[in-house]
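One structure below.
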Amino acid sequence: MNGQVAVQLIVNGLAVGAIYALVALGLVLTYKATEVLNFAHGDLMTVGAFVAWWAVGVGGVSFWLALPLALAFVAGLSYAIDALLVRRIVGQPQFSGVMLTIALAFMLRGATSMVFGAESRSLATPWTGQTTTLGGAVVSDLNLVILAVVLAATALLLVFLRHTRLGVAMQAASQNQLAAFLNGIPVKRVNSLVWALAGLMAALAGVLLAPVTLVDINMWSVMLNALAALVLGGFGSIAGAIVGGLLIGQIEQWTGVFGPDGSKEVVAHVLLITMLILRPHGLLGEAHGRRV
């Protein structure tokens, strides 16, 4: 293998892994805020991709206007899901949240298919078809843009959570809702805003992924690899979601080239099972034990 192939695999792996990390970050935010693992997160990502496609392909607007439209629509939808539905099951067993979000996933998938149709479409971007020579290797500009956007979005998220009043309130509410409420934080509204933020990140992931894989009703399945990234990095850890996503992306790319046929599609799930057996708290998560 020459150096050019290695550069291409590394860049492709980082771009794919960045998408996984972005989806995983949204899952972490909602789980830490409401202790609900949102199985509809992948379908929110799909909705964002379809809204962007509709805005460009049917509405005739530019990609730069379609992107904020998709982000705003999915953020508002995610806010409504928490405010109208998830909030109603507070205090119920976690299984209730699982079943609720699985039902929502099927409903969103069906609604998306009914409104936009089930066929696949392409989403043109300003970088479609363009390439850059990097280290002697020709790489897609789209992959470089994906990597740059996800890095910028992650940095903005961390700054927001650590250095703004709302971000600090979100962290406080996720750590101890009663203490946050007693200190004057409107916990319910803050939790809904966390869901809106996670929805925004899902839509961003969908719009970035759409030009690579087409706008398709089955885009939600990316969430399965994002879950593997969460388990690998450490469930509930923001840093773990980033590290896990980038690692899964690299492992997939290299396995697809040097592994047997079909191994690329299963390697993430093999890693998930292996981590659950050998290190359930992941690479960066905290170990929690329970005696029975």
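The values are calculated or read from the model by the stated rules, or taken from the named source; none is laboratory data. Quick caveat: nothing in here was measured; it's all calculated off a predicted structure. Note that we place each Cβ from the backbone using ideal geometry, even for glycine, and neighbour counts take in every protein chain shown.
Of these, G3, G48, G76, which one is more than 17 Å from the chain's Cα centre (by Cα), farther than 24 Å from F235 by Cα and either at pLDDT 95 or above or not hydrophobic (A, V, I, L, M, F, W, C) (or both)? Lay out the reasoning, then the answer.
Values: G48 fails: more than 17 Å from the chain's Cα centre (by Cα); G76 fails: more than 17 Å from the chain's Cα centre (by Cα).
It is G3.
Give the residue that is surrounded by the most Cβ atoms within 10 Å (Cβ to Cβ), with candidates limited to residues of the range 195-230 that are at pLDDT 95 or above and under 25 Å from L283 (Cα atoms).
The selected residue is A202.
Could you please find all residues in the range 207-221 being in contact with a Leu (Cβ under 8 Å, 6 or more places away or on another chain) and in a helix (DSSP H, G or I)?
V207, L208, A210, P211, V212, M219
Does at least one position in the range 259-270 carry a residue that is at pLDDT 90 or above, part of a helix (DSSP H, G or I) and in contact with a Leu (Cβ under 6 Å, 6 or more places away or on another chain)?
The answer is no, given that none of the residues of the range 259-270 is at pLDDT 90 or above, part of a helix (DSSP H, G or I) and in contact with a Leu (Cβ under 6 Å, 6 or more places away or on another chain).
For residues that are loosely packed, with under 12 Cβ neighbours inside 10 Å and among the β-branched types (V, I, T), scanning just the range 274-292, find the one that is modelled with the highest pLDDT.
Among those residues, the one meeting the criterion is I277.
Select from the range 128-148 the residues that are of a type outside the set (D, E, K, R), surrounded by fewer than 18 Cβ atoms within 10 Å (Cβ to Cβ) and at pLDDT 90 or above and list them in ascending order.
So in the range 128-148, the residues of a type outside the set (D, E, K, R) come out as 128-140, 142-148.
From what is left, the residues that are surrounded by fewer than 18 Cβ atoms within 10 Å (Cβ to Cβ) are 128-136, 138, 145, 148.
The answer is V145, A148.
Can you tell me which residue among L166, L151 is touching a residue at least 12 places away in the same chain (Cβ under 8 Å), part of a helix (DSSP H, G or I) and more than 23 Å from D82 (Cα to Cα)? Can you show your working first?
Numbers: L166 fails: more than 23 Å from D82 (Cα to Cα).
Result of the check over L166, L151: L151.
Checking the condition out of contact with any helix residue (DSSP H, G or I) (no Cβ under 8 Å at 6 or more places or on another chain) and β-branched (V, I, T), which residue from T112, T154, T133, T128 passes? Can you show your working first?
Details: T112 fails: out of contact with any helix residue (DSSP H, G or I) (no Cβ under 8 Å at 6 or more places or on another chain); T154 fails: out of contact with any helix residue (DSSP H, G or I) (no Cβ under 8 Å at 6 or more places or on another chain); T128 fails: out of contact with any helix residue (DSSP H, G or I) (no Cβ under 8 Å at 6 or more places or on another chain).
T133 is the lone residue from the list that is out of contact with any helix residue (DSSP H, G or I) (no Cβ under 8 Å at 6 or more places or on another chain) and β-branched (V, I, T).
Could you grab me the full set of residues in the range 1-27 that are of a type in the set (V, I, T) and buried (at least 24 other Cβ atoms within 10 Å of the Cβ)?
Applying the first criterion (of a type in the set (V, I, T)) to the range 1-27 yields 5, 7, 10-11, 16, 19, 23.
Within the range 1-27, V16, I19, V23 meet the criteria.
Quick check on the range 74-98: of everything there that is of a type in the set (A, V, I, L, M, F, W, C) and crowded, with 21+ Cβ neighbours inside 10 Å, which residue is nearest to A203 (Cα to Cα)?
Within the range 74-98, the subset of a type in the set (A, V, I, L, M, F, W, C) is 74-75, 77, 80-81, 83-86, 89-90, 95, 98.
Now narrow it down to the ones that are crowded, with 21+ Cβ neighbours inside 10 Å: 74-75, 81, 86.
On the way: V74: 6, A75: 8, I81: 15, V86: 20 Å.
My answer is V74.
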